[in-house]
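Student: Dumping the structure here so I can ask a few things about it.
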Amino acid sequence: MASTNRRATPARSRRSAPRGSKRRTGPTQKTKFFDYPRTGFHGLHRWLPSWRVLVGTMLGVAFLGAGVVVAAYALIEVPSASADDVKMQTTTVYFAPHDDGTPGSVMGTFATQKRTIVDDYNSLPVYVGQATAASEDKTFYTNNNGISITGMGSALIDNLKHGTSRGGSTITQQYVERYYVGTTTTDYVGKAKETLMAIKIAKTQTKPDIMLNYLNSIYYGRDSYGIQAAAKSYFGVDASALTVEQAALLAAVIPSPNNWDPANNPKKAEARWNIVLDSMVEQGWVTGEARAAMVFPPTIQYVESNTMAGTNGYLLDMVRKEMLKTYDVSDDELKRRGFSIVTTIKEDMQNAAVDQATQFAAGTLEGQDGAVPNEDIRASISTMDPSTGGILALYGGPDFLVDSRNRVAYDKIQAGSTFKPFTLTAALEQGVPLTTKFSGRDDMKIPGWDPNGDSIVGNFGNESLGTIDLVKATAESVNTVYAQLNMQVGSDKTADVAARAGVPDPEINNANVLGTETVRPLDMLDAYGTLASGGTHHTAHIVATVNDSKKNVVFSADTKGVEVFAPDVMADVAFAMQQVVQDKHGTAHQWISPLDRPIAGKTGTQQEQKSAWFIGFTPNVVTEVSLSQQVHEEPHAGTVTIDYVSKLASKKQGVTGGSVPAFLWQSYMKNVFAMPSYATVMEFPERANVGGKVKPTAAPETTTPAPAPVETQQAPTQVAVPSGMEGKLEADATATVVNAGLVPTITAESSDTVTTGRVIRVDPGGGTVLDSNATVTLVISTGPKPAPTPTPTPTPPAPALPAAPAAP
């Protein structure tokens with residue numbers, strides 16, 4: 001009997017445990033609240049949740065999410081539309097603080113006052129709203145939820161995939177953002193809040209109300225907010241009188257008003273206009289026949305408001321452009337968000353610049369003696385702090401509303417000899433010392449200078465000089481010396497130095513040293529600021545700090561700068577440029593030296609005297625003055641010869657950088673140096689003698705003999721004069737001498753056997769052992785000796801005012 005019971009036990013177990021069911025392995029177990037990992041299962045199945053758990057979890061999350069959305073929808077409040085619509089705040093621009101720390105006065109404002117509210121939607125033609133819907137949201141009239149799930153989903157995928165911030169907003173969502181929020185929303189939480197608000201507004205406001213409020217709040221460019229102001233600005237009519245073509249154009253520019261304004265980009269504007277009209281045909285709002293007959297509507301000329309009038313208009317325009325480019329603030333935000341913008345412009349210095357330019361145009365400056373420039377001359381004056389890049393003063397023209405072309409930041413004129421310091425810097429960086437000498441004779445043939453021409457380079461005024469060093473060549477702006485130097489160091493190196501200094505995309509050609517580049521005066525101010533700072537580049541800027549409407553600092557200028565040149569190189573460059581003023585034959589000596597302080601600078605005159613410059617600096621301030629002359633024919637891109645009418649001259653005289661620009665520079669800077677911040681005389685660093693030592697021109701005065709040195713000095717390094725230089729090009733031979741650790745000096749001599757521009761002989765000859773940095777003379781052929789010609793009797797020149805004793 002006992003054995004029978006034992007056999008029956010498994011049978012009962014099998015009947016009580018059908019296949020696939022969990023088997024109990026012991027006493028009755030307590031049920032777990034959350035059976036995970038799952039008991040009674042093995043391997044992977046032990047860790048996989050049951051379908052009941054999955055479904056329950058998803059339903060729970062769904063109900064929870066729905067609850068959150070419902071709660072958020074119920075709790076979100078729509079602000080008062082009538083109050084929030086007018087909360088736009090004016091942005092105010094200020095001059096820099098005064099030296100005593102008191103705030104600067106108001107320069108101007110960016111406001112949003114150009115708005116007239118349309119109260120009755122029925123007063124507008126029906127196609128005004130339809131054109132707007134065709135441009136911004138084709139589903140507006142049929143979408144009762146106020147949002148587009150597909151549009152937002154597509155935008156979200158695009159944003160995650162490409163890292164962009166494309167929106168997927170309906171008109172209702174845009175209306176919420178502009179009418180209630182007031183700023184562009186970029187974060188997902190803010191977008192979610194706007195989405196719920198759009199849904200609620202779509203349920204509580206009618207389509208005409210939403211469209212009317214949207215049309216009243218949207219920015220159309222031309223300082224115009226709302227459809228009524230836009231109709232006036234673009235077409236000179238009321239919104240109620242807009243045609244279909246005009247309404248389509250206004251709708252077309254909504255996404256980017258200033259960029260797609262027909263006055264700025266007519267091709268893009270017309271393309272957008274066609275898209276809007278085609279969409280209206282697709283929606284059945286315009287017939288195909290009517291569409292085919294439509295032509296692009298003409299717009300009226302836009303006139304800036306009076307806040308941009310006068311000389312301050314140029315400064316405000318620069319502030320606006322810098323805010324858009326550097327700080328990514330749109331025109332719309334600039335005119336709505338109530339920024340307080342403090343500029344770098346010093347009001348007293350700005351007043352001096354405007355006063356000097358105005359008097360110059362009238363011929364009333366001290367020393368001008370009534371000499372009036374002709375009415376087409378464009379004079380620019382701008383000043384910068386080289387330690388920060390902050391623009392301290394800028395005269396861009398007499399009235400921005402009359403001529404919006406900024407003479408400092410817009411005009412492009414040839415640089416002339418103001419490019420020579422860049423070649424000098426490149427030479428010093430290669431170890432070529434200021435003591436290096438070249439022939440300074442006129443009409444010199446420079447081998448390789450012009451592959452397609454005769455390679456003849458001349459000096460201004462056909463002046464010939466002997467063999468001179470780079471200091472003298474800089475002081476007197478000798479073209480032939482600098483042409484040879486540019487061939488030696490490489491025009492690409494000159495362009496590289498100019499680019500590092502601050503000139504955008506400089507040209508690479510053999511003549512770039514003579515200023516073939518067309519540049520803005522602002523670019524040259526920026527570049528010379530790098531030289532004045534001792535080699536640190538600070539980007540020129542006009543915006544110092546920006547506060548929001550709550551007085552929080554939101555933007556500030558980066559004034560750290562980047563060192564682009566070695567200080568010793570800059571010390572030698574500054575020394576050479578000081579001789580432009582100090583040397584009695586320097587091109588700016590006549591007008592600048594009476595200021596009686598260390599000033600470095602460079603004159604420049606374009607070929608045929610189409611433009612003229614003087615750019616000068618001390619260690620703490622740099623100023624450019626340029627003169628050019630506008631042409632009235634399209635495309636207003638060139639210049640013509642400057643004529644300077646003097647009562648003391650019987651005929652018109654040409655202008656050089658050392659005459660009128662230097663005269664205007666000193667007249668203005670006398671006022672600057674009288675200001676407390678700039679009255680102290682600043683000294684430049686001592687000459688560094690990069691590339692070689694300079695023997696003193698005179699022994700220092702002493703009352704007692706100097707004691708003999710205790711230690712024996714080491715003999716200088718001995719080097720041999722390179723052999724085989726006879727017959728080489730001058731530039732190649734010069735480089736060979738420099739690379740050997742010697743100093744080349746150039747002399748010229750006629751020869752019937754050696755080609756022009758090649759070495760006749762070397763003195764001392766090849767193989768001679770010399771001390772390092774000793775001088776080696778290269779005798780260069782000038783070709784066969786020309787036959788003598790009678791010397792004509794010189795004609796005395798007519799007097800001119802102002803004039804410099806030497807050419808730039």
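The values are calculated or read from the model by the stated rules, or taken from the named source; none is laboratory data. Worth saying up front: this structure is predicted, and the values here are computed from it rather than measured. We place every Cβ from the backbone using ideal geometry, glycine too, and count neighbours over all the protein chains shown. Each accessible area value is taken on the protein alone, full model and side chains, heavy atoms only, with ligands, DNA and RNA left out. Shrake-Rupley method; radii C 1.70, N 1.55, O 1.52, S 1.80 Å.
Student: Please determine, by comparing only the residues of segment 515-530 that are open to solvent by 10 Å² or more (accessible area, probe 1.4 Å), modelled with pLDDT of 95 or more and not acidic (Asp, Glu), which one is farthest from residue 600 (Cα to Cα).
Tutor: Here the residue is 520.
Student: If you go through segment 82-117 one residue at a time, how many are at pLDDT below 90 and either within 28 Å of residue 281 (Cα to Cα) or charged (D, E, K, R) (or both)?
Tutor: 5
Student: Out of the residues in segment 355-377 that are touching a helix residue (DSSP H, G or I) at 6+ places or on another chain (Cβ under 9 Å) and in a helix (DSSP H, G or I), state the one that is nearest to residue 655 (Cα to Cα).
Tutor: 360
Student: Filter segment 327-347 for residues that are of a type outside the set (Ser, Thr, Tyr), in contact (Cβ under 8 Å) with a residue 40 or more places away in the chain and open to solvent by 20 Å² or more (accessible area, probe 1.4 Å) and give the result.
Tutor: Result: 332, 333, 336, 337, 342, 346, 347.
Student: Let me ask something additional. Go through segment 739-755 and count every residue that is open to solvent by less than 30 Å² (accessible area, probe 1.4 Å) and not in a loop (DSSP other than H, G, I, E, B).
Tutor: Residues in segment 739-755 being open to solvent by less than 30 Å² (accessible area, probe 1.4 Å) and not in a loop (DSSP other than H, G, I, E, B): 4 in total.
Student: Condition first: of a type in the set (S, T, N, Q) and in contact with a Gly (Cβ under 9 Å, 6 or more places away or on another chain). Can you find one or more residues in segment 267-276 that meet it?
Tutor: Among the residues of segment 267-276, not one is of a type in the set (S, T, N, Q) and in contact with a Gly (Cβ under 9 Å, 6 or more places away or on another chain), which makes the answer no.
Student: If you check 305, 217, 256, which single one turns out to be at pLDDT below 95, crowded, with 18+ Cβ neighbours inside 10 Å and among the hydroxyl-bearing types (Ser, Thr, Tyr)?
Tutor: 217 is the lone residue from the list that is at pLDDT below 95, crowded, with 18+ Cβ neighbours inside 10 Å and among the hydroxyl-bearing types (Ser, Thr, Tyr).
Student: Still on this structure, please answer the following. Taking residue 381 as meeting all but one of (1) in a helix (DSSP H, G or I); (2) closer than 19 Å to residue 627 by Cα; (3) aliphatic (A, V, I, L, M), write down the number of the exception.
Tutor: Here residue 381 meets the rest and fails (1).
Student: While we're on this one: Is it true that residue 586 is modelled with pLDDT of 95 or more, more than 23 Å from residue 353 (Cα to Cα) and open to solvent by less than 20 Å² (accessible area, probe 1.4 Å)?
Tutor: Yes.
Let's see how each residue does on (1) in a helix (DSSP H, G or I); (2) closer than 18 Å to residue 580 by Cα; (3) open to solvent by less than 20 Å² (accessible area, probe 1.4 Å):
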| position | (1), (2), (3) |
| --- | --- |
| 450 | no, no, no |
| 472 | yes, yes, no |
| 487 | yes, no, no |
| 493 | yes, no, no |
| 499 | yes, no, no |
| 508 | no, no, no |
| 511 | yes, no, no |
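Student: Considering only residues of segment 536-559 that are without any contact (Cβ under 8 Å) to a residue 12 or more places away in the chain and part of a loop (DSSP other than H, G, I, E, B), which is farthest from the chain's Cα centre (by Cα)?
Tutor: 550
Student: Which condition number in (1) in contact with a Phe, Trp or Tyr (Cβ under 8 Å, 6 or more places away or on another chain); (2) of a type in the set (Lys, Arg); (3) under 25 Å from residue 220 (Cβ atoms) is the one that residue 321 fails?
Tutor: All conditions pass for residue 321, except number (1).
Student: Right, another one. Please work out which residue is least open to solvent (accessible area, probe 1.4 Å), limiting yourself to segment 275-300 and to residues that are more than 17 Å from residue 242 (Cα to Cα) and of a type outside the set (A, V, I, L, M).
Tutor: Among residues in segment 275-300 that are more than 17 Å from residue 242 (Cα to Cα) and of a type outside the set (A, V, I, L, M), the one least open to solvent (accessible area, probe 1.4 Å) is 279.
Student: Can I ask one more? For segment 713-731, state whether one or more residues are outside any loop (DSSP other than H, G, I, E, B), open to solvent by 40 Å² or more (accessible area, probe 1.4 Å) and at pLDDT 80 or above.
Tutor: There is at least one residue in segment 713-731 that is outside any loop (DSSP other than H, G, I, E, B), open to solvent by 40 Å² or more (accessible area, probe 1.4 Å) and at pLDDT 80 or above.
Student: Looking at residue 803, is it open to solvent by 30 Å² or more (accessible area, probe 1.4 Å), among the hydrophobic types (A, V, I, L, M, F, W, C), modelled with pLDDT of 80 or more and under 50 Å from the mean Cα position of the chain (by Cα)?
Tutor: It is false that residue 803 is open to solvent by 30 Å² or more (accessible area, probe 1.4 Å), among the hydrophobic types (A, V, I, L, M, F, W, C), modelled with pLDDT of 80 or more and under 50 Å from the mean Cα position of the chain (by Cα).
Student: Next up: Could you tell me which residue of segment 123-159 is least open to solvent (accessible area, probe 1.4 Å), considering only residues that are hydrophobic (A, V, I, L, M, F, W, C), modelled with pLDDT under 95 and assigned to a loop (DSSP other than H, G, I, E, B)?
Tutor: 140
Student: Okay, moving on. Quick check: is even one residue across segment 267-279 assigned to a loop (DSSP other than H, G, I, E, B) and modelled with pLDDT of 90 or more?
Tutor: no
Student: So, one more: With the structure loaded, tell me whether residue 442 is among the acidic types (Asp, Glu) and under 25 Å from residue 781 (Cβ atoms) or whether it fails that test. Lay out the reasoning, then the answer.
Tutor: Values: among the acidic types (Asp, Glu): yes; under 25 Å from residue 781 (Cβ atoms): yes.
Answer is yes for this residue.
Student: In segment 330-354, how many are under 20 Å from residue 309 (Cβ atoms) and outside any helix (DSSP H, G or I)?
Tutor: Keep residues of segment 330-354 that are under 20 Å from residue 309 (Cβ atoms), which gives 331, 334-335, 341, 343, 345, 347, 350-351, 353-354.
Filter once more, keeping what is outside any helix (DSSP H, G or I): 341, 343, 345.
Final tally of qualifying residues: 3.
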